[in-house]
1. For TYR199, which of the numbered conditions (1) within 16 Å of ligand 1 (Cβ to nearest atom); (2) more than 26 Å from ALA39 (Cβ to Cβ); (3) part of a loop (DSSP other than H, G, I, E, B) fails to hold?
2. Kindly provide the set of residues from region 83-135 that are at positive phi and in contact with a strand residue (DSSP E or B) (Cβ under 8 Å, 6 or more places away or on another chain), ordered by number.
3. Can you go through TYR8, TYR3 and tell me which one is in a strand (DSSP E or B), more than 19 Å from the chain's Cα centre (by Cα), at pLDDT below 95 and more than 16 Å from ligand 2 (Cβ to nearest atom)?
4. Taking the conditions exactly as written (surrounded by fewer than 21 Cβ atoms within 10 Å (Cβ to Cβ) and either modelled with pLDDT of 95 or more or touching a Cys at 6+ places or on another chain (Cβ under 9 Å) (or both)), does GLY175 satisfy them or not?
5. Could you please find all residues in region 179-196 being within 16 Å of ligand 2 (Cβ to nearest atom) and either modelled with pLDDT of 95 or more or in contact with a helix residue (DSSP H, G or I) (Cβ under 6 Å, 6 or more places away or on another chain) (or both)?
6. Going through region 33-54 one residue at a time, which ones are in a helix (DSSP H, G or I) and either more than 10 Å from ligand 2 (Cβ to nearest atom) or aromatic (Phe, Trp, Tyr) (or both)?
7. Identify all residues within region 129-146 that are without any contact (Cβ under 8 Å) to a residue 40 or more places away in the chain, within 16 Å of ligand 1 (Cβ to nearest atom) and under 11 Å from ILE45 (Cα atoms); write none if there are none.
8. Scan region 55-69 and tell me whether some residue there is touching a strand residue (DSSP E or B) at 6+ places or on another chain (Cβ under 6 Å) and in a strand (DSSP E or B).
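The values are calculated or read from the model by the stated rules, or taken from the named source; none is laboratory data. Small disclaimer: the values here were computed from a predicted structure and weren't measured. Heads up, the Cβs are rebuilt from the backbone with ideal geometry, glycines too, and the neighbour counts pull from every protein chain shown.
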Amino acid sequence: MGYRNYCYFCALKNRYYLLIYQMIENNICEEIKERIGNARHICIIPHVNPDGDAIGSVLGLHHLMQKLGKSSVVVSPNNFPEFLEWMPGASEILIHSANKEAAENAIQPADLIFLLDFNSPSRIDQLAPLITEHQAFKVLIDHHLDPKDFCDIMISDTSVSSASELLYQLIVGMGYEDLINADSATGIYVGIMTDTGSYSYSITPECHRITASLLEKGIDAIQIHNAVYDTYSESRMRLLGFCLSERMIVDYEKCLALIYLRKDDLRRFKYQPGDTEGVVNYALSIKGVMMAGIFIERKDYIKVSFRSKGNLPVNTIAHDYFQGGGHLNASGGSYNGTLDEAIAKFVEVSQQKK
Ligand code: 5GP
Ligand code: MN
């Protein structure tokens, strides 16, 4: 690409200060700070079907850029779930799938692009060619395994809870911690909260220390929790009930629980993006179940999400058989075939991991 390419992967677990020092030692924070200072148009991009961490981190960064007086724009490959619509700055996000022209016009003049919460161009769908061919300086901030080498600076650490936590560390490393206002802190908090299942997994002392700093920025954590988790539409709640009562298969011998939804089911419950978020976790909550999956019939593929307990690696299953990826205990992908074939494949390969 003609630029110096940093690849910074932190192999050391749970070492918050070390991580910052290493970034400082390698002048990564300084270089990013300088790039931000010189940038005229900054573009910030989350992954397709963005979740709380993706939207939280991009908005956390967007508010910091605004505080620095920079021109910054957030472009998402497609729409985000309704339960994130209340977030400060969410209404400014340009949605590429809904408004290609406006989104592409916003990306085109960028001289600095931040890519958050994903590890490969394939995760930004139709934006992929535009971004990979773009001449802007690109910085990736992510926490997924095996990142593809496609950015000028890649900050990738799988030991952190979320991209939002990693972003916070970068902000501290740049010396901009004091510029994090309540809006920016809200984004980062939402990212950490949702990617840790409300502080139930991937938590470390550092993650809690960062959370304490975010609370000191004046965010209302209770209100944020309510806004994200307690705003189900009636149809979403009924869909959840339907999934658990009519569409769940439990196989104690195989230690598996599976949920599946057909196109007709989605229509019946007026499915909106985000409505099935978290449903697979209920299946995993059953005593004796070690792996769970949800299989959702889309127009021409099956969308899958997997969860596991302990050391059972659902990320390799998603990667090797479902064109996806993710984390050891939470992953997702898609399957080109029928619902039954997707389920059969998962049942088969899950037994090889036990
Ligand atoms: P979820 O099941 O909540 O949608 O996603 C769980 C984890 O799997 C997330 O970290 C997400 O990044 C990853 N993931 C979900 N869907 C996909 C996919 O289609 N491709 C890849 N590479 N990762 C995915
Ligand atoms: Mn994440």
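1. With respect to (1) within 16 Å of ligand 1 (Cβ to nearest atom); (2) more than 26 Å from ALA39 (Cβ to Cβ); (3) part of a loop (DSSP other than H, G, I, E, B), TYR199 is out only on (1).
2. Taking region 83-135 first, the residues at positive phi are 89, 117, 125.
Selection gives GLY89, ASP117.
3. Working: TYR3 fails: in a strand (DSSP E or B).
Of TYR8, TYR3, the one residue that is in a strand (DSSP E or B), more than 19 Å from the chain's Cα centre (by Cα), at pLDDT below 95 and more than 16 Å from ligand 2 (Cβ to nearest atom) is TYR8.
4. Spelling it out, GLY175 is indeed surrounded by fewer than 21 Cβ atoms within 10 Å (Cβ to Cβ) and either modelled with pLDDT of 95 or more or touching a Cys at 6+ places or on another chain (Cβ under 9 Å) (or both).
5. At the first step, the residues of region 179-196 found to be within 16 Å of ligand 2 (Cβ to nearest atom) are 187-196.
If the condition is that a residue be within 16 Å of ligand 2 (Cβ to nearest atom) and either modelled with pLDDT of 95 or more or in contact with a helix residue (DSSP H, G or I) (Cβ under 6 Å, 6 or more places away or on another chain) (or both), then GLY187, ILE188, TYR189, VAL190, GLY191, ILE192, MET193, THR194, ASP195 are the ones that fit.
6. Going through region 33-54, the residues in a helix (DSSP H, G or I) turn out to be 33-38, 52-54.
Result: LYS33, GLU34, ARG35, ILE36, GLY37, ASN38.
7. LEU140
8. Among the residues of region 55-69, not one is touching a strand residue (DSSP E or B) at 6+ places or on another chain (Cβ under 6 Å) and in a strand (DSSP E or B), which makes the answer no.
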